[in-house]
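FYI, it's all coordinate maths here, none of it is from the lab. If you're wondering where the values come from, they're calculated on a predicted model, not measured in any experiment. Quick reminder, even Gly has a Cβ in these numbers, built from the backbone with ideal geometry, and neighbours come from all protein chains shown.
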Amino acid sequence: MTSRIGRLAAASVATALATLGVTVANPAPASAAMTICYNTSQAGSFAGVAGQAASIWNNATTNLTLSANCGSNLRIYQITGGGSYAIRTSLGNGRVYIDTQQAQQYSPLRIMTHEIGHILGLPDNYNGNCAILMSGGSAGTSCTNPYPSTTEANRVSNLFAGTRIATERATDSTGSQIFRDSWPATAVTVG
Ligand SMILES: [Zn+2]
């Protein structure tokens, strides 16, 4: 009786494996967009803001999708003091640090989308224009615009357009880089 049950169990396992084999053999659906998994386990009170920023970038761009709970291409941290900054290890990968004190002075969502912009390949552009996301703190504390300009969004889309990535990296160095001081503490005297 025991051996009969064992044979039945083995047959069941074999059936399950066969089913699994068929499933694995099917090709995965092709995805045109690169998925950038962001992790908010260390983002503290900024986890919600991170989600809003991800939606903004997803709506503004093509060729990439920021997605939660699927991995850690991008880790987001809440810190206190020292200023918000981004460390890009490669295009679409890195860490973003949001300073709680700074987020009481500047718009937390604008800080978040700006710092993620660095991870997505954008440099700083301190021209004081609030319509430019990468102008950061140069636009003053009254600027709360969290949206990339069309030019900024299109640039990110192009960077993630597959075949163009290598060329863009070579010509514009979107590789490893640290971006600090985008949000000056002396901003109250600006403008
Ligand atoms: Zn910056």
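Tabulated values for the structure
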| item | result |
| --- | --- |
| Under 5 Å, built H, 5+ apart or other chain: amide partners of Ile79 | Ile98, Asp99, Thr100 |
| Gain upon complete extension [Asn154, Gln52; 0.36 nm per residue less C-alpha separation] | 34.8 nm |
| For Gln42, distant residues with modelled amide H under 5 Å away | Ile76 |
| Placed amide H near Thr65: partners under 5 Å, 5+ positions off or other chain | Met34, Thr35, Ile36 |
| Estimated vicinal HN-Hα couplings, Hz - segment 176-182 in sequence order (Karplus 6.51, -1.76, 1.60; Gly, Pro = x) | 5, 6, 10, 10, 10, 6, 6 |
| Per-residue HN-Hα couplings for segment 134-141 [Karplus 6.51, -1.76, 1.60; θ = phi - 60°; Hz; x = Gly/Pro] | 7, 6, x, x, 5, 7, x, 6 |
| Calculated from backbone phi, Karplus (6.51, -1.76, 1.60) coupling profile of segment 59-64 in Hz, x at Gly/Pro | 6, 8, 10, 10, 6, 8 |
| Antiparallel DSSP beta bridges within segment 59-114, percent to nearest 5 | 45 |
| Local electrostatic count at Ile132 - Lys and Arg +1, Asp and Glu -1, tallied over other residues with Cβ under 12 Å | 0 |
| Cut-off 12 Å between beta-carbons: net charge of the residues surrounding Ile119, Lys and Arg +1, Asp and Glu -1 | +2 |
| Stretchable slack from Thr35 to Thr144, in nm (0.36 nm times residue separation minus alpha-carbon distance) | 36.5 nm |
| Full-extension gain in nm, Ile178 to Gln104, via 0.36 nm per residue minus C-alpha separation | 24.3 nm |
